[in-house]
Amino acid sequence: MSTADIEASNGHSAGARHEGVLLPGIYVPTVAFFQADEELDLETTRKHAARLAGTGIKGIVTHGSNGEAAHLSHDERILITRATREALDESGHSEIHVIVGCGAHSTRETIKLCKDAAASGGSHALVLPPSYFASLLSPKLLLDHFRNVADASPIPILVYNFPAVQSGIDLSSDQIIELSQHPNIVGAKFTCGNTGKLARVAAATATSGFLAMGGSSDFLLQTLVVGGHGVIAGLANLAPVANVKTMEYYESGEVKKAKQMQAVLARGDWIAIKGGFVAVKAGLERYFNYGGRPRLPCAMPEKTARAQMEDGFSEMMDLEHSLQ
């Protein structure tokens, strides 16, 4: 499906308060930044968003898994999203979307987060399945949850499938395809890593403008090959240009170059996957001189482990710097 077709069909719910639609590309789920006393570091939040803005990405995601959403209050989420939106606008990149993580364990709270997201500058919401009472949630109740949220949300939503953080709930391709029929559900993020599932959804929704997004840089190329539309990838906090260029090479037919860069991204992403969001923070500290600690009880890696993470990112960061 062409970009023009997606522009005509994606994000078209009546009354949705957003500008523009989501386009295929690279989206960065940013990490959260804190001061030494664990208060929000909004200055660094703005600095990071402004740095990413000029790299060719299509959007930023606040309050994803990398963004320590579980450690944030509702008011703090609003502040981070607002600071991110303001930084993008002030840097001359108002075209870049801000997608806001809005997953919660009740439908009521999820809707509240979506409304907060819209009020603070978010254009779309990224919604995990509720999972605290996973054993009580039938497939019908899960689908009803997403539909009820989509009905009430002032901005379009994307389904976020990440079984590792949702008590093992793993939405099937059939369920996601069914949800794609809702006019205010415009995409899905597949952090499950199941490219077969992603392929089925991409094929079934190919004419609708629904975006099937990979959830990690280590399968960016695989996502594109099966008809997906890019990735929402934490590694892009460190290497946004390498992600963008890999996608551009593939789309221009330079598949050999894309494969070579994908191999580097996959090796770098393995460091981030093993280390979690604190590995990304360690990389930011090493290569950009900012990052900071996570909120307790999480902590930065010990010295030896941190050095190994930093070294593990070196090949990818050499590539990133060579592309700038």
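The values are calculated or read from the model by the stated rules, or taken from the named source; none is laboratory data. These numbers come from a predicted model, not from an experiment. We place every Cβ from the backbone using ideal geometry, glycine too, and count neighbours over all the protein chains shown. All accessible areas refer to the heavy atoms of the entire protein, side chains included, with ligands and DNA or RNA removed. Shrake-Rupley method; radii C 1.70, N 1.55, O 1.52, S 1.80 Å.
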Q. Across the range 289-299, what is the number of residues that are open to solvent by 40 Å² or more (accessible area, probe 1.4 Å) and touching a Lys or Arg at 6+ places or on another chain (Cβ under 8 Å)?
A. 2
**Q.** Test: Ala279 is more than 22 Å from Gly54 (Cα to Cα), out of contact with any strand residue (DSSP E or B) (no Cβ under 7 Å at 6 or more places or on another chain) and open to solvent by less than 10 Å² (accessible area, probe 1.4 Å)
**A.** yes
Q) Name the pairs: first residue in the range 305-317 and crowded, with 16+ Cβ neighbours inside 10 Å, second residue of a type in the set (Phe, Trp, Tyr), Cβ to Cβ under 6 Å, at least 6 apart or on different chains? A) Met317/Tyr287
Q: Would you point out which residue out of Leu88, Leu113, Leu126 is modelled with pLDDT of 95 or more, crowded, with 21+ Cβ neighbours inside 10 Å and assigned to a strand (DSSP E or B)?
A: Leu126
Q) When the range 12-59 is examined, which residues are found to be among the acidic types (Asp, Glu), modelled with pLDDT of 95 or more and part of a loop (DSSP other than H, G, I, E, B)? A) Asp37, Glu38, Glu39, Asp41
(Q) Looking only at the range 203-215, count every residue that is surrounded by fewer than 24 Cβ atoms within 10 Å (Cβ to Cβ) and of a type in the set (Gly, Ala, Ser) and tell me the total. (A) 5
Q: Search the range 37-48 for residues that are among the basic types (Lys, Arg) and buried (at least 18 other Cβ atoms within 10 Å of the Cβ) and pair each with any residue that is at pLDDT 95 or above and assigned to a helix (DSSP H, G or I) when their beta-carbon atoms are under 9 Å apart and the residues are at least 6 apart or on different chains.
A: Arg46/Ala83; Arg46/Thr84; Arg46/Glu86; Arg46/Ala87; Arg46/Glu90
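Every residue in the range 68-85 that is among the charged types (D, E, K, R) and in contact with a Lys or Arg (Cβ under 7 Å, 6 or more places away or on another chain), please.
Hit for the range 68-85 is Glu68, nothing else.
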Q: Kindly provide the set of residues from the range 60-91 that are more than 22 Å from Pro297 (Cβ to Cβ) and in contact with a Leu (Cβ under 7 Å, 6 or more places away or on another chain), ordered by number.
A: Ile60, Val61, Leu79, Ala83
Q: Might you check whether a residue that is open to solvent by less than 20 Å² (accessible area, probe 1.4 Å), touching a Ser or Thr at 6+ places or on another chain (Cβ under 6 Å), over 29 Å from Ile273 (Cα atoms) and not in a helix (DSSP H, G or I) occurs anywhere in the range 171-191?
A: yes
